[in-house]
Amino acid sequence: MRALTVRWSLTEAPDGVEEELATYVATTSHAKFTGMSALRFKTWRMRPGEWFEGLYVFTTSEARAEFEQSFTAGAAEAPGSRIIGSAPILIEASEVVAIAEGWDGFETAARY
């Protein structure tokens, strides 16, 4: 499977940005990506005060490349960039080697 990581630095972001990002994911971004064609899943991750990222896993290399090209073209104006106040510091394609689902399975939610 084909993955794409988009990461922003939070080291110089305004106070309260973590809550603003979590609220944006819960109220807008989660719904945007739920059911998206050619997307297997998206995970939003954060280390408060350090970084915020989206990890996308696509069905094909073509789907990933198309999304990467479109995202990269507008990365500086992306919602995450507007909330954080800066463009992503990393946009990186990679390959998923394997995924294991634990006994309790996956739990999808707009916010944990």
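The values are calculated or read from the model by the stated rules, or taken from the named source; none is laboratory data. Since we're looking at a predicted model, the values are computed, not measured. FYI the Cβ positions are ideal-geometry reconstructions off the backbone, even for glycines, and counts take in every protein chain you see.
Taken together, the residues in region 10-46 that are more than 22 Å from residue 99 (Cβ to Cβ) and surrounded by 11 or more Cβ atoms within 10 Å (Cβ to Cβ) amount to 14. Pairs meeting the criteria (first residue in region 80-105 and within 14 Å of residue 40 (Cα to Cα), second residue surrounded by 12 or more Cβ atoms within 10 Å (Cβ to Cβ), beta carbons under 8 Å, at least 6 apart or on different chains) are 95/1; 95/2; 95/3; 96/1; 96/2; 96/3; 96/57; 99/1.
The residues of region 92-109 that are more than 18 Å from residue 62 (Cα to Cα) and either of a type in the set (Phe, Trp, Tyr) or not in a loop (DSSP other than H, G, I, E, B) (or both), listed by number, are 103, 106.
Of the set (1) within 15 Å of the chain's Cα centre (by Cα); (2) more than 22 Å from residue 1 (Cα to Cα), all apply to residue 34 but (2).
Yes or no, residue by residue, for (1) loosely packed, with under 12 Cβ neighbours inside 10 Å; (2) over 17 Å from residue 30 (Cα atoms); (3) modelled with pLDDT under 95; (4) within 14 Å of the chain's Cα centre (by Cα):
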| site | (1), (2), (3), (4) |
| --- | --- |
| 74 | yes, yes, no, no |
| 77 | yes, yes, no, no |
| 80 | no, no, no, yes |
| 86 | no, yes, no, no |
| 93 | no, yes, no, yes |
| 99 | yes, yes, yes, no |
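Residue count for region 50-68, restricted to those that are over 11 Å from residue 1 (Cα atoms) and either aromatic (Phe, Trp, Tyr) or in contact with a helix residue (DSSP H, G or I) (Cβ under 8 Å, 6 or more places away or on another chain) (or both): 4. Checked against (1) within 13 Å of the chain's Cα centre (by Cα); (2) within 18 Å of residue 21 (Cβ to Cβ); (3) in contact (Cβ under 8 Å) with a residue 60 or more places away in the chain, residue 42 meets all criteria but (3).
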